[in-house]
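What follows is a short report on a single structure.
The values are calculated or read from the model by the stated rules, or taken from the named source; none is laboratory data. A quick note: this is a predicted structure, and the numbers were derived from the prediction, not measured. Glycine gets a Cβ as well: all are built from the backbone with ideal geometry, and neighbour counts include every protein chain shown. Surface accessibility is based on the protein's heavy atoms, side chains included, excluding ligands, DNA and RNA. Shrake-Rupley method; radii C 1.70, N 1.55, O 1.52, S 1.80 Å.
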2 protein chains.
Amino acid sequence: MQRYFVPASSWDTDRLCITGQDAHHISHVMRCKPGDEVICSHPDGKAAACKITEIKENEVILLVMQWLDRDAELPIAVTIAQGLPKADKMELILQKGTELGASAFIPFKAQRSVVKWDDKKMAKKMDRFAKIVKEASEQSHRNKIPKLHEQMNINQLILESKSYDICIFAYEEEAKVANFNSFSTIVKKMNKGQRMLVCIGPEGGFTTEEVQLLKKNGFFPVRLGPRILRTETAAMYVLAGISYQFEE
Amino acid sequence: MQRYFVPASSWDTDRLCITGQDAHHISHVMRCKPGDEVICSHPDGKAAACKITEIKENEVILLVMQWLDRDAELPIAVTIAQGLPKADKMELILQKGTELGASAFIPFKAQRSVVKWDDKKMAKKMDRFAKIVKEASEQSHRNKIPKLHEQMNINQLILESKSYDICIFAYEEEAKVANFNSFSTIVKKMNKGQRMLVCIGPEGGFTTEEVQLLKKNGFFPVRLGPRILRTETAAMYVLAGISYQFEE
């Protein structure tokens, strides 16, 4: 069944009014008729099977038929702080990270990030990113849409990190020492409901300066398997590993 | 250090002669000079730091300086049988699957595969795929290049499956039942050195007929987390989960 994320303001207890692009999608793309059912997700994480009662020009009215108790959210809230990568890799990271259960993303301006995000184009870029995470949330049947933060530099990221239970960073040099920090040792110590911040470097990795700063501020370096992963693959590894540990 | 996969015929004990595209890459792209070192991998999985002794028009001569004992291969040999996906998703699966340690790939003609691979274009397609897995192997510092099988139909795949220790297939319906097959329960029963075949459906998933046939032939249905993954994300989840279990 098709799933839609409906803003809180559109809910009136058991009655919903969907407007805008989603209303268009329901009536013109899915060609739904009154009587058809779709799943609607509330921003607080609840979801319900809803029956369409009326389709007007620019809005669709629905009634909640049954609240669903299926929870598809990762038990650890994982925020991916991604060093700005080249080309359209950020879009791949957002899409795959959302499917794999990330709870938030922070684009992180690393020293070796080659791309610079133009302030003028930022609003358009963030709109596009928001669309990607919304669609990936719907497609993967998540209860919540991951949060998209504005881009941060390393000092802002370190400030942000203080509110997390554990912070790690992917560090390939860690893969070369015999006595490396095991990712699973860290994951296994976590409890459901805790928050983890995962910092991933851009294509060239972190600079020595960044590594020192992250370590000094309580980030643990981890390796993600003995192979060298591309920057866009690291988040997928982390999220799949956490899902494997806690969900399977 | 740059890594090259060198065919067995190019090795004469401790002396190597690299020709073709790799020779061009060493001399013209990397602009190496005699005295520079690169890593060369032998098809049997060994790798050595090698010093360039001579650069000729179409060949590069090297001497083994030191055999390396670092093993970057996943302890379970995982073959991904991928239902032919749309567009260029197969390329993403091959690249990411190689980074994450897959030992082989089988393109699998599923009933719901929309694309048909044209026999005439097949040779060109396989060349391109071979280039992708070779480059991803070099980049991720693997010791072996994954094997690329010719495309198979489900009967050929079932015949192939008889040589594996365990066969599973990703089945999203499995995610909807309370008493589902846990992926980690299956993975934890495996021993290092064993072989696993993982069958993944195309965009529309498996048909009921395929599900019955796979089950009847000893494939276990598994869910890969409670979220619905796109076809190209399933292989990444499986490989990262196995790496998490056995390597970290």
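Yes/no per residue for (1) of a type outside the set (A, V, I, L, M, F, W, C); (2) in the same structural domain as B:N155 (by TED's automatic domain parsing):
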| site | (1), (2) |
| --- | --- |
| B:A48 | no, no |
| B:E57 | yes, no |
| B:L84 | no, yes |
| B:L92 | no, yes |
| B:K116 | yes, yes |
| B:M122 | no, yes |
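Does A:S184 qualify as being under 30 Å from B:A72 (Cβ atoms) and in contact with an Asp or Glu (Cβ under 6 Å, 6 or more places away or on another chain)?
yes
Looking for something more than 14 Å from chain A (Cβ to nearest Cβ), touching a Phe, Trp or Tyr at 6+ places or on another chain (Cβ under 7 Å), open to solvent by 20 Å² or more (accessible area, probe 1.4 Å) and farther than 26 Å from B:Y244 by Cα - is there at least one such residue anywhere in segment B:116-127? Steps first, please.
As a first pass, look at segment B:116-127 and keep what is more than 14 Å from chain A (Cβ to nearest Cβ): B:116-127.
With the extra rule that they be touching a Phe, Trp or Tyr at 6+ places or on another chain (Cβ under 7 Å), the set shrinks to B:125.
Going one step further and asking which of them are open to solvent by 20 Å² or more (accessible area, probe 1.4 Å), we end up with B:125.
From what is left, the residues that are farther than 26 Å from B:Y244 by Cα are B:125.
Checked segment B:116-127: at least one residue is more than 14 Å from chain A (Cβ to nearest Cβ), touching a Phe, Trp or Tyr at 6+ places or on another chain (Cβ under 7 Å), open to solvent by 20 Å² or more (accessible area, probe 1.4 Å) and farther than 26 Å from B:Y244 by Cα.
One line per residue, one yes/no per condition, for (1) at pLDDT 90 or above; (2) among the small types (G, A, S); (3) surrounded by 14 or more Cβ atoms within 10 Å (Cβ to Cβ):
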{"position": "B:H25", "(1), (2), (3)": "yes, no, yes"}
{"position": "B:V38", "(1), (2), (3)": "yes, no, yes"}
{"position": "B:A47", "(1), (2), (3)": "no, yes, yes"}
{"position": "B:E54", "(1), (2), (3)": "yes, no, no"}
{"position": "B:I61", "(1), (2), (3)": "yes, no, yes"}
{"position": "B:W67", "(1), (2), (3)": "no, no, no"}
{"position": "B:P75", "(1), (2), (3)": "yes, no, yes"}
{"position": "B:K96", "(1), (2), (3)": "yes, no, yes"}
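Please verify whether segment B:89-100 includes one or more residues that are among the polar types (S, T, N, Q), in contact (Cβ under 8 Å) with a residue 40 or more places away in the chain and touching a strand residue (DSSP E or B) at 6+ places or on another chain (Cβ under 8 Å). Full working, then the answer.
So the first thing to find is which residues in segment B:89-100 are among the polar types (S, T, N, Q), and the list is B:95, B:98.
Subset that is in contact (Cβ under 8 Å) with a residue 40 or more places away in the chain: B:95, B:98.
After this cut, where a residue has to be touching a strand residue (DSSP E or B) at 6+ places or on another chain (Cβ under 8 Å) as well, the list is none.
No, every residue in segment B:89-100 fails to be among the polar types (S, T, N, Q), in contact (Cβ under 8 Å) with a residue 40 or more places away in the chain and touching a strand residue (DSSP E or B) at 6+ places or on another chain (Cβ under 8 Å).
Filter segment B:227-240 for residues that are in a helix (DSSP H, G or I) and within 7 Å of another protein chain (Cβ to nearest Cβ) and give the result.
First, the residues of segment B:227-240 that are in a helix (DSSP H, G or I): B:231-240.
The answer is B:T233, B:M236, B:Y237, B:A240.
Table: residues versus (1) open to solvent by less than 20 Å² (accessible area, probe 1.4 Å); (2) free of Cβ contacts under 8 Å to residues at least 24 places away in the same chain; (3) part of a loop (DSSP other than H, G, I, E, B); (4) away from chain B (no Cβ under 14 Å).
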| residue | (1), (2), (3), (4) |
| --- | --- |
| A:E138 | no, no, no, no |
| A:E160 | no, no, no, yes |
| A:I168 | yes, no, no, no |
| A:V187 | yes, no, no, no |
| A:G225 | yes, no, yes, no |
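Quick one: which residue in B:L63, B:L92, B:L68, B:L84 is in contact with a Phe, Trp or Tyr (Cβ under 9 Å, 6 or more places away or on another chain) and of a type outside the set (G, A, S)? Don't jump to the end; show me each part of the working.
On the way: B:L63 fails: in contact with a Phe, Trp or Tyr (Cβ under 9 Å, 6 or more places away or on another chain); B:L92 fails: in contact with a Phe, Trp or Tyr (Cβ under 9 Å, 6 or more places away or on another chain); B:L68 fails: in contact with a Phe, Trp or Tyr (Cβ under 9 Å, 6 or more places away or on another chain).
Just a single option satisfies the conditions, and that option is B:L84.
Would you call A:K96 more than 14 Å from chain B (Cβ to nearest Cβ) and assigned to a helix (DSSP H, G or I)?
Numbers: more than 14 Å from chain B (Cβ to nearest Cβ): no; assigned to a helix (DSSP H, G or I): yes.
So A:K96 does not fit the description; no.
Please go through segment B:140-158 and pick out each residue that is of a type in the set (A, V, I, L, M), more than 14 Å from chain A (Cβ to nearest Cβ) and under 12 Å from the mean Cα position of the chain (by Cα). Break it down into steps so the answer makes sense when it comes.
First pass over segment B:140-158, keeping only residues of a type in the set (A, V, I, L, M): B:145, B:148, B:152, B:154, B:157-158.
From the residues that got through so far, the ones that are more than 14 Å from chain A (Cβ to nearest Cβ) too are B:148, B:152, B:154, B:157-158.
Result: B:L148, single match.
Would you point out the residue of segment A:19-72, among those that are touching a residue at least 40 places away in the same chain (Cβ under 8 Å), assigned to a loop (DSSP other than H, G, I, E, B) and away from chain B (no Cβ under 14 Å), that is farthest from B:E173 (Cα to Cα)?
Top of the filtered list is A:P43.
Being of a type in the set (S, T, Y) and open to solvent by less than 30 Å² (accessible area, probe 1.4 Å) is the filter; apply it to segment A:98-115 and report the residue that is farthest from A:L197 (Cα to Cα).
The first filter runs over segment A:98-115 and keeps only residues of a type in the set (S, T, Y), leaving A:98, A:103, A:113.
Retained after the next criterion (residues that are open to solvent by less than 30 Å² (accessible area, probe 1.4 Å)): A:98, A:113.
Values: A:T98: 15, A:S113: 19 Å.
Top of the filtered list is A:S113.
In segment B:35-57, what residues are touching a Ser or Thr at 6+ places or on another chain (Cβ under 6 Å) and either more than 22 Å from B:V133 (Cβ to Cβ) or not small (G, A, S) (or both)?
Narrowing segment B:35-57 to residues touching a Ser or Thr at 6+ places or on another chain (Cβ under 6 Å): B:47, B:55.
The answer is B:I55, and nothing else.
Filter segment B:202-223 for residues that are in contact with a Ser or Thr (Cβ under 9 Å, 6 or more places away or on another chain), more than 8 Å from every other protein chain (Cβ to nearest Cβ) and open to solvent by 10 Å² or more (accessible area, probe 1.4 Å) and give the result.
If the condition is that a residue be in contact with a Ser or Thr (Cβ under 9 Å, 6 or more places away or on another chain), more than 8 Å from every other protein chain (Cβ to nearest Cβ) and open to solvent by 10 Å² or more (accessible area, probe 1.4 Å), then B:E203, B:G204, B:G205, B:N217, B:G218 are the ones that fit.
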